[in-house]
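Peer 1: Before anything else, here's the structure in question.
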Amino acid sequence: MDRCIVLVDAGYLLGAAASLLAGEPSRSRITVDHAALVQRLREQAESDTGRPLLRIYWFDGAPDRVPQPEHRRLRVMPRVTVRLGALTRSDGRWAQKGVDAAMHAELTELARNRACSDVVLVTGDGDLLPGMMAAKEHGVAVHLWAVQAADGDYNQSEDLVAEADERRVLDRAWITKAVRAKEYGGICAPPPVPRPEIAAILSAPLPESSLSSAGERPAGERPHPAADGAGPRDGAGERLPAAKGVPTPKDLAALRAPGAPASAPPHPPSATLRWSSDRGWVERPGTAAEPAEAAAMPTLAQLTSAEQRWADREEDITTVGGDPYEVGQVFARRWVERLGDQGHLEKLSSMYPRVPHRVDGELLRYAARFGLLAHKDDQIDENDRYAIRAGFWREIDVRTGVEHAPAGD
């Protein structure tokens with residue numbers, strides 16, 4: 001039949017693209033516009049073969065073969081079929097299992113059933129050589145596409161290259177039409193407006209109240225060593241432990257009222273940590289508990305009907321790319337549009353840069369849908385968390401017309 005089919009080994013295509021653009025094969029180092037990539041594959045295949053496209057098969061690995069956000073977006077695209085193998089972890093590295101076998105089976109079955117006249121293979125795996133040879137024996141022309149190697153050499157099996165009927169190299173110019181390297185410390189899209197106040201929060205020094213009590217620690221706890229070997233000494237000439245530049249939650253719990261005995265229980269600190277990290281410290285009067293107006297903020301789930309929830313999922317799958325900054329903006333847009341009382345929005349804006357705990361937790365759970373969890377500990381990468389919240393606040397600023405001044409101004 002006079003049609004062409006494209007079989008894509010996503011691990012090879014995106015891994016080689018990451019090596020080319022970011023210097024290492026980790027797919028987390030690149031951002032992919034899947035719609036643009038699929039369209040370019042289709043146009044190039046129809047141009048090279050002179051045949052209309054029947055279908056693109058996208059082969060990839062996933063933990064327990066559960067479709068990830070990118071797979072859910074791909075499989076609803078026209079003329080795209082997703083086939084998933086397993087993604088397993090061994091010796092600290094992730095590896096695909098069963099993907100090459102699935103490609104081999106699909107290739108031989110399509111050729112045997114004369115479903116096409118031309119097959120385009122985007123792969124470098126030599127295990128597909130028997131399938132390629134079988135397809136040729138059934139009268140199918142095999143086109144082998146490679147991704148330009150970062151070192152200028154082949155990144156494909158030489159036997160596979162020798163057996164192909166036609167070859168093409170997808171160079172850097174071709175790849176960058178749909179794939180780009182992540183920049184800005186892991187943030188895929190730079191914020192439209194610089195937010196230097198975030199850096200100011202991260203570099204804020206330890207408050208004086210805790211510096212004065214840094215030497216008082218619970219019994220049995222080892223002191224923190226001084227960074228430069230120098231530090232205050234007591235009357236006996238013994239060196240006291242130097243205060244850490246940034247307090248940890250354990251430090252906060254150990255703080256006591258000035259003049260209180262070591263046996264006295266810690267008192268609630270007058271400061272709290274922001275951004276769910278131990279790297280930022282700001283003064284806050286009174287108790288560290290969240291203000292009542294923040295605790296009363298409605299969550300997006302409370303504001304969303306069943307019909308809206310379905311529409312949200314459809315939008316997530318088909319149009320939201322999964323960039324951390326974009327995810328924060330999408331969440332904030334939905335939340336603001338469904339607020340009945342706009343007074344909540346004004347109160348939220350006054351709390352900048354702190355996102356209320358309930359809303360923040362829901363925001364991060366929403367972001368986890370887009371594959372932003374780090375495999376090593378099922379936590380969202382710190383840079384991604386900052387980007388998610390920066391996107392959230394940018395959308396709030398646009399809605400309120402308020403441009404927050406940098407901290408300290």
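The values are calculated or read from the model by the stated rules, or taken from the named source; none is laboratory data. These numbers were taken from a predicted model, which means no experiment stands behind them. A quick note on method: Cβ atoms are made from the backbone with ideal geometry, for glycine too, and the neighbour counts reach across all protein chains shown.
Peer 1: Within segment 110-127, is there a residue that is without any contact (Cβ under 8 Å) to a residue 60 or more places away in the chain, touching an Asp or Glu at 6+ places or on another chain (Cβ under 6 Å) and of a type outside the set (Lys, Arg)?
Peer 2: yes
Peer 1: For segment 44-53, name all the residues that are farther than 12 Å from Arg79 by Cβ and among the charged types (D, E, K, R).
Peer 2: The answer is Asp48, Arg51.
Peer 1: Any idea which residue in segment 297-329 is nearest to Leu364 (Cα to Cα), counting only those that are aliphatic (A, V, I, L, M) and in contact (Cβ under 8 Å) with a residue 12 or more places away in the chain?
Peer 2: Only one residue fits best here, namely Val327.
Peer 1: Residues that are assigned to a strand (DSSP E or B), touching a Leu at 6+ places or on another chain (Cβ under 7 Å) and either surrounded by 14 or more Cβ atoms within 10 Å (Cβ to Cβ) or not aliphatic (A, V, I, L, M) (or both): does segment 97-118 have at least one?
Peer 2: Taking every residue of segment 97-118 in turn, none turns out to be assigned to a strand (DSSP E or B), touching a Leu at 6+ places or on another chain (Cβ under 7 Å) and either surrounded by 14 or more Cβ atoms within 10 Å (Cβ to Cβ) or not aliphatic (A, V, I, L, M) (or both).
Peer 1: Give me the pairs, please: first residue somewhere in segment 381-400 and without any contact (Cβ under 8 Å) to a residue 60 or more places away in the chain and within 15 Å of Arg333 (Cβ to Cβ), second residue anywhere and hydrophobic (A, V, I, L, M, F, W, C) and in a helix (DSSP H, G or I), beta-carbon distance under 7 Å, and either six or more positions apart or on two chains.
Peer 2: Thr400/Leu345
Peer 1: Out of all the residues in segment 35-53, which are surrounded by 20 or more Cβ atoms within 10 Å (Cβ to Cβ) and either in contact (Cβ under 8 Å) with a residue 60 or more places away in the chain or in a loop (DSSP other than H, G, I, E, B) (or both)?
Peer 2: Leu37, Leu41, Ala45, Thr49
Peer 1: For segment 1-21, give me each residue that is at pLDDT below 90 and buried (at least 16 other Cβ atoms within 10 Å of the Cβ).
Peer 2: Listed by number, the list is empty, since nothing qualifies.
Peer 1: Let me ask another. Filter segment 130-181 down to the residues that are surrounded by fewer than 17 Cβ atoms within 10 Å (Cβ to Cβ), of a type outside the set (Ser, Thr, Tyr) and in a loop (DSSP other than H, G, I, E, B) and list them by number.
Peer 2: Scanning segment 130-181 gives His138, Gly139, Ala149, Asp151, Gly152, Asp153, Asp165, Asp171, Lys177.
Peer 1: I would also like to ask the following. Are any of the residues in segment 77-96 within 16 Å of Ala164 (Cβ to Cβ) and either basic (Lys, Arg) or assigned to a helix (DSSP H, G or I) (or both)?
Peer 2: No, there is no match, as no residue in segment 77-96 is within 16 Å of Ala164 (Cβ to Cβ) and either basic (Lys, Arg) or assigned to a helix (DSSP H, G or I) (or both).
Peer 1: Out of (1) buried (at least 17 other Cβ atoms within 10 Å of the Cβ); (2) within 26 Å of Asp151 (Cα to Cα), the odd one out for Glu24 is which?
Peer 2: Looking at each condition in turn, Glu24 falls short on (1).
Peer 1: So Glu314 passes all but one of these: (1) farther than 18 Å from Lys182 by Cβ; (2) modelled with pLDDT of 90 or more. Which condition number does it fail?
Peer 2: Single failed check for Glu314: (2).
Peer 1: Have a look at Ala62, Ala35, Ala105 and point out the one that is of a type outside the set (D, E, K, R), assigned by TED's automatic domain parsing to the domain that holds Asp165 and more than 19 Å from Phe370 (Cα to Cα).
Peer 2: Just one listed residue meets the conditions, Ala105.
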